[in-house]
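S.K.: Below are the structure tokens for one structure; questions will follow.
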Amino acid sequence: MAKLHQTKTPPIQEQVLQAQASPSASESAEYMSNPWDFLDESRKDAEEISRKSLTYAQDCWFRLRRNKTSMLALCVIALMVLSAIFIPLFWGYSYEDQNLNFANIPPKLDIYQLDEDTYVYITKEYKAVLVSEKGDLLEMAQLVNDDKTNRIYRYEVGGKPLVIDYSIYFNARKEMQQLEALERKGKDILAGQVRFLQKYEHSWEKDDVVSAHELELIMENKLTRFEVSYDSQVITAHKTVSNHTYIWGSDSLGRDIFIRVMYGARMSLLVGFMAALINFVIGVFYGGIAGYFGGRLDNVMMRVVDIVSSIPMMLYVILIMVVLGPGLQSIILAMSVTYWVDMARIVRAQVLSLREQEFVMAAQLLGASTKRILIKHLIPNVMGPVMVSMSMQIPSAMFTEAFLSFIGLGVSAPQASWGTLCNDALMGLSSYPYQMFYPALVMSITILAFNLFSDGLRDALDPKLRK
């Protein structure tokens, strides 16, 4: 009978018995056998918390710092904000200072050496500007004669004549029209018949047949646009230097592009931050009230949101500008009227899910007022999505302001904005691409930095994405 009562130990029980027989279990039993013995030194810190407790804000900042891309974007944003605030305060030029003598001067200068310490730069309008060897713009050379018939400028520098002959390309273009007409008649074009080819391209024999297309390529790529002679001697460009007077060049009115880009950054950043702040205040409280009370009030408030969002923002801008006139205040007001609806929807959705939580019910049972529940309990718990939405609204507002300024609905002259700078540079894009390049580059970098920072902030504030 004893053997009948003996059963085989299940595998799980065997594992329990082995665990009890392990050294750790025996040690625990040894310590518990005599509770009056002193605790071993190696076991005193067994239950010590090794990681310091962090608040929600500290934990978010810790995770944000680990995102190197977001921290780099934050540094770019901080640098741009500080530059927009302080550089215009001590820069040598204002955004509205203009000098027509130095109009359309690029950042790089091909200078010609006249004497030992006399240098000149020839603009694309074939004007002569005296410069230093390091690239400082001094003054316009003294114009003696403007021969428009022969396309020749005559200046006097140091008592000697400086002649700029810009008829070469125009004469070649006129000759090309005649040669193209000759080719269309089926006749061959001999190299010896082309005057500019014999003068500026010596690789062709006089009896060689050349096509109009080949002549076009030679004229566009190898033919010089003008010829400079000083004291009856033809001179060529001495070297290329940086423009020390206007480091990013000047525009068509001789205004410094660098300081205008910095001032445009100030305007765009101001619009972005102001629009985000106003949208935050309106959207958070509007969406919070709609989500907390719910029912008919929520239905009415959301229908107002739908009506506001159904009207295009461009119509708001036009109507506001009719009343207030064009300017920065009209753009900020138009964005404040329309941008808050997205924030209100986000906050309403979050509050609808949070108002049924236990901490809200506890506050209601303790007699907390609606205002206190919203401000102290609900709004702080929706700040994560709200902050992400705010950081994404800033670059959106900046781009909208640049677009409105580009089409002429933004700031008025002579104030500078990234949009107005791009609009001013549009007409001379092929001749002066730098005037479009710098404001577009700074605007792109700033908006990209805000977008990258917004992505990192979203990851840091979302507990579900915590690793």
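S.K.: Specify the longest stretch of the chain that does not include any exposed loop site, a site being one of the GluC sites (Glu not before Pro) with a non-H, G, I, E, B DSSP assignment and at most 16 other Cβ atoms within 10 Å.
M.R.: Maximal segment without exposed cleavage sites: 206-355.
S.K.: How long are the three semi-axes of the equivalent ellipsoid for region 257-465, computed from the Cα gyration tensor as the root of 5 times each eigenvalue, in whole Å, largest first?
M.R.: For region 257-465, the semi-axes come out at 39, 20, 12 Å.
S.K.: A further question follows. To one decimal place, what Kirkwood hydrodynamic radius in Å is obtained for region 285-356 from all pairs of distinct Cα atoms?
M.R.: Value: 13.2 Å, from the Cα pair sum.
S.K.: Considering the values (1) 32.4; (2) 29.9; (3) 22.5, which represents Kirkwood radius over Cα pairs in Å as calculated for the structure under consideration?
M.R.: Recomputing Kirkwood radius over Cα pairs in Å here gives the entry labelled (2).
S.K.: So which helices of the chain fit the span-like rule, where a helix is a whole DSSP H run, its Cα atoms reach 27 Å or more along the axis, and its mean Kyte-Doolittle is at least 1.6?
M.R.: Going by DSSP H runs, the hits are 68-90.
S.K.: Can you tell me the relative contact order of region 224-299? Whole percent, Cα pairs under 8 Å, sequence separation 6 or more.
M.R.: Computed over region 224-299, the figure is 11 percent.
S.K.: Per DSSP H run of at least 4 residues, take -39500 (n - 2.57); add these up for the chain, divide by its residues and hand me the 222 nm value, nearest 500 deg cm²/dmol.
M.R.: -17500 deg cm²/dmol
S.K.: Also, I was wondering about something else. Would you pull out the residues with amide H under 5 Å of Gly410's amide H, same chain only if 5 or more places away, H placed 1.01 Å from N?
M.R.: Result for Gly410 returns Ser405.
Computed from the coordinates by the stated procedures, all read-outs in this text should not be read as laboratory data. Bear in mind that the values here come from a model prediction, so they are computed numbers and not experimental data. Positions of Cβ are backbone-derived with ideal geometry, glycine not excepted, and every protein chain shown enters the neighbour counts.
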